[in-house]
Amino acid sequence: RKFQHPVSVLSVANSAAGKSFAQETILSLVPDDEVLSFTRLSPMSLSHFGRNDLRHRLINIDELSGIDPVEAMYQLRSLISRGVLTAGFTSIDRQTGKMETLHKEVLGPVSVMTSTTHEELIDDETRSRFLILTTPETREQTGRVLSSMVFGHTREGILHQRERERITR
């Protein structure tokens, strides 16, 4: 997120494959004030941020389906590719009462992180701007996930988690 051209990640896998866990793990390593997390992005929501409010931030959207597929996705792609979002808004001049167009810029660069279970939702324009990560869903991987879950409930696992939290802090 701090680079001039940061990486944006889209995780694609079936339900319960660990996408949310991976997002939460990454988010735990980023300072809270550097992250903007959303369940949903409405069509013009990003264009209403202040000029520097998104600069070098990690924008986390729980799932790809929470992003308005036309306008909000276009804004995200623009921020990722160009590092800036520009918008024109119609307003009424208070002095003259005439309509005028106001110009607004929201600066990036930004890093975006989201996930989906539906690969068919990813159009070519979006795909070209994200690093697409997949999760292996083999029997061995499922076994490792289950072993990890069991380990988390053991004495050693609880101590390990406390150590992780200490290091993260």
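The values are calculated or read from the model by the stated rules, or taken from the named source; none is laboratory data. Note that the coordinates shown come from a computational prediction; the quantities given were computed from them, not determined experimentally. Because the Cβ atoms are built from the backbone with ideal geometry, glycine has one as well, and the counts that use them run over all protein chains shown. Side chains included, ligands, DNA and RNA excluded: accessible areas come from the protein's heavy atoms. Shrake-Rupley method; radii C 1.70, N 1.55, O 1.52, S 1.80 Å.
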Query raised in the report: Quick one: how many residues across region 1-12 are open to solvent by less than 70 Å² (accessible area, probe 1.4 Å) and within 20 Å of residue 124 (Cβ to Cβ)?
Result: 5
Report summary line: Every listed condition ((1) surrounded by 13 or more Cβ atoms within 10 Å (Cβ to Cβ); (2) assigned to a loop (DSSP other than H, G, I, E, B)) holds for residue 94 save (1)
Query raised in the report: Pairs under 7 Å by beta carbon, first residue at positive phi in region 73-89, partner open to solvent by less than 20 Å² (accessible area, probe 1.4 Å), six or more apart or different chains?
Result: 83/108; 83/109
Query - Condition check for residue 149: outside any loop (DSSP other than H, G, I, E, B) and either in contact with a Lys or Arg (Cβ under 8 Å, 6 or more places away or on another chain) or open to solvent by less than 50 Å² (accessible area, probe 1.4 Å) (or both) - result: no
Query raised in the report: With respect to the numbered conditions (1) surrounded by fewer than 11 Cβ atoms within 10 Å (Cβ to Cβ); (2) within 17 Å of residue 129 (Cβ to Cβ), which one is the sole condition not fulfilled by residue 32?
Result: (2)
Query - Pair list, Cβ < 9 Å and 6+ apart or interchain, from region 1-12 residues that are over 15 Å from residue 78 (Cα atoms) and in contact (Cβ under 8 Å) with a residue 24 or more places away in the chain to residues that are open to solvent by 80 Å² or more (accessible area, probe 1.4 Å) and assigned to a loop (DSSP other than H, G, I, E, B) - result: 1/7; 12/118
Report task. Could you please give the count of residues in region 101-145 that are over 20 Å from residue 17 (Cβ atoms) and either more than 15 Å from the chain's Cα centre (by Cα) or open to solvent by 80 Å² or more (accessible area, probe 1.4 Å) (or both)? Result -> 11
